[in-house]
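See structure below.
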Amino acid sequence: MRVLESLQMKTHRFAAIALVAWYLIVPQSLGRVPGPAADAPLSEWRLAAGFKTAELCHAQINKMLDYHTALADWEHAQCVPSDDPRLKEK
């Protein structure tokens, strides 16, 4: 019985990990001078895309910086896990 319980616990833990995605977020510009509101709480940032892994997310940031160097928002872009509590802060 203990082997079955252990296997079930491992399966549930794996399922929980598999549900975590990665969000690429950027601060809202809101016409602020000199640039985006990078000091705002992450809950106020704009969701730009979602990814299965952190590596894919960071690769997208690098790609956007290569092609859109004039966009100040991308200089502050971050990849955060979908379960990051800072995304829910008010």
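Just so it is clear, none of the values below were taken in a lab; they were calculated from the coordinates. None of the values given here were measured: they were computed from a predicted structure. Cβ placement follows ideal geometry from the backbone for every residue including glycine, while neighbour counts extend to all protein chains displayed.
Ranked from highest to lowest mean number of other Cβ atoms within 10 Å per residue, what is the order of the peptides 79-86, 54-61, 22-29?
22-29, 54-61, 79-86
Give, as a single signed number, the net charge of other residues whose beta carbon lies under 12 Å from the beta carbon of Ser82, with Lys and Arg counted +1 and Asp and Glu -1.
+1
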